[in-house]
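Report on the structure given below.
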Amino acid sequence: DVKVTQSSRYLVKRTGEKVFLECVQDMDHENMFWYRQDPGLGLRLIYFSYDVKMKEKGDIPEGYSVSREKKERFSLILESASTNQTSMYLCAATGKIYEQYFGPGTRLTVT
Amino acid sequence: QKEVEQNSGPLSVPEGAIASLNCTYSDRGSQSFFWYRQYSGKSPELIMSIYSNGDKEDGRFTAQLNKASQYVSLLIRDSQPSDSATYLCAVNMKGDKIIFGKGTRLHILP
């Protein structure tokens, strides 16, 4: 199985701050994903990446950017945090047959 | 719009009974199907995957796939209180993205 770790379990930031969420996977898999999960809205795809320095927009990319400088690391960046970005953020990496393995999640609160 | 639909629940099942969770999907070309379990405040955990029509069993869990009817189900036998969680159905339609349903909340009654 793929093991995925995320840099923080809980994070509190102020409105307007730049926020970095880090994700690392321990297998040599190309595909990595960032989601946010909100009650009643389910999992929504923000960005994904098929390889180093490659990125694709998901369903809700506005207000976010990503960086993938190394294969094992995929970072989500909130350029200027806003209160409507308060959410649970989940990183995932793909296994051999498209199954996705999730990290523990980061619960971000923007005040 | 490609969709994965689940009843949000909650589905209440007595301990020891069979819990049946259902999911339908819109894209007939879908190839891979997954069930995730998510406890409150935790991230989704992959519990079953199925790729061809029929049943696939793993311990107390059985996944069932019917591509002609475009549905996939998860049966949990001998339900335990620890099975109380939200179950997410996920479908790989094309490429490497997965479409997730919004989940069904399952409550096992002791």
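The values are calculated or read from the model by the stated rules, or taken from the named source; none is laboratory data. What you are looking at is a predicted structure, and each value in this text was computed from that prediction instead of being measured. Methodologically, a virtual Cβ is constructed for each residue, glycine included, from the backbone with ideal geometry; neighbour enumeration extends over all protein chains shown. What goes into the accessible areas is simple: the full protein's heavy atoms, side chains included, and nothing from ligands, DNA or RNA. Shrake-Rupley method; radii C 1.70, N 1.55, O 1.52, S 1.80 Å.
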Notebook entry, point to check: Do we find a residue being open to solvent by less than 70 Å² (accessible area, probe 1.4 Å) and at pLDDT below 95 anywhere in segment B:36-46?
Noted result: yes
Next item on the list: Would you tally the residues in segment A:70-94 being assigned to a loop (DSSP other than H, G, I, E, B) and more than 26 Å from A:Met27 (Cβ to Cβ)?
Entry: 5
Check: Are any residues in segment A:97-111 more than 14 Å from A:Gln25 (Cα to Cα) and either modelled with pLDDT of 95 or more or surrounded by fewer than 16 Cβ atoms within 10 Å (Cβ to Cβ) (or both), and if so, which ones?
Finding: A:Ile97, A:Thr106, A:Arg107, A:Leu108, A:Thr109, A:Val110, A:Thr111
Notebook entry, point to check: Could you list, in sequence order, the residues of segment A:51-69 that are open to solvent by 70 Å² or more (accessible area, probe 1.4 Å), not in a strand (DSSP E or B) and not aliphatic (A, V, I, L, M)?
Noted result: A:Lys53, A:Lys55, A:Asp59, A:Glu62
Notebook entry, point to check: Are any residues in segment A:21-38 away from chain B (no Cβ under 11 Å) and open to solvent by less than 50 Å² (accessible area, probe 1.4 Å), and if so, which ones?
Noted result: A:Leu21, A:Cys23, A:Val24, A:Gln25, A:Trp34, A:Arg36
Margin query: Of the residues B:Leu65, B:Leu88, B:Leu74, B:Leu109, only one is within 14 Å of chain A (Cβ to nearest Cβ) and at pLDDT 95 or above; which?
Written below: B:Leu88
Item checked: In segment B:21-42, the residues that are within 13 Å of another protein chain (Cβ to nearest Cβ) and of a type in the set (Gly, Ala, Ser) -> B:Ser30, B:Ser32, B:Ser40, B:Gly41
Check: Is it the case that segment B:60-77 has a residue that's over 17 Å from B:Arg105 (Cα atoms), free of Cβ contacts under 8 Å to residues at least 60 places away in the same chain, open to solvent by less than 30 Å² (accessible area, probe 1.4 Å) and in a loop (DSSP other than H, G, I, E, B)?
Finding: yes
Checklist line | Yes/no for A:Gly42 being over 14 Å from the mean Cα position of the chain (by Cα), within 13 Å of chain B (Cβ to nearest Cβ) and not aromatic (Phe, Trp, Tyr) | finding: yes
Item checked: Residue that is least open to solvent (accessible area, probe 1.4 Å), among those in segment A:5-20 that are in a loop (DSSP other than H, G, I, E, B) and closer than 18 Å to A:Val66 by Cβ -> A:Ser8
Item checked: Failed item, numbered, when B:Arg28 is tested on (1) among the basic types (Lys, Arg); (2) under 30 Å from A:Lys55 (Cα atoms); (3) at pLDDT 95 or above -> (3)
Next item on the list: Out of A:Leu90, A:Leu45, A:Leu41, report the one residue that is open to solvent by 50 Å² or more (accessible area, probe 1.4 Å) and under 25 Å from B:Ile47 (Cα atoms).
Entry: A:Leu41
Next item on the list: Please enumerate the residues belonging to segment B:1-25 that are part of a loop (DSSP other than H, G, I, E, B) and open to solvent by 60 Å² or more (accessible area, probe 1.4 Å).
Entry: B:Gln1, B:Lys2, B:Glu3, B:Asn7, B:Ser8, B:Pro10, B:Glu15, B:Ile18
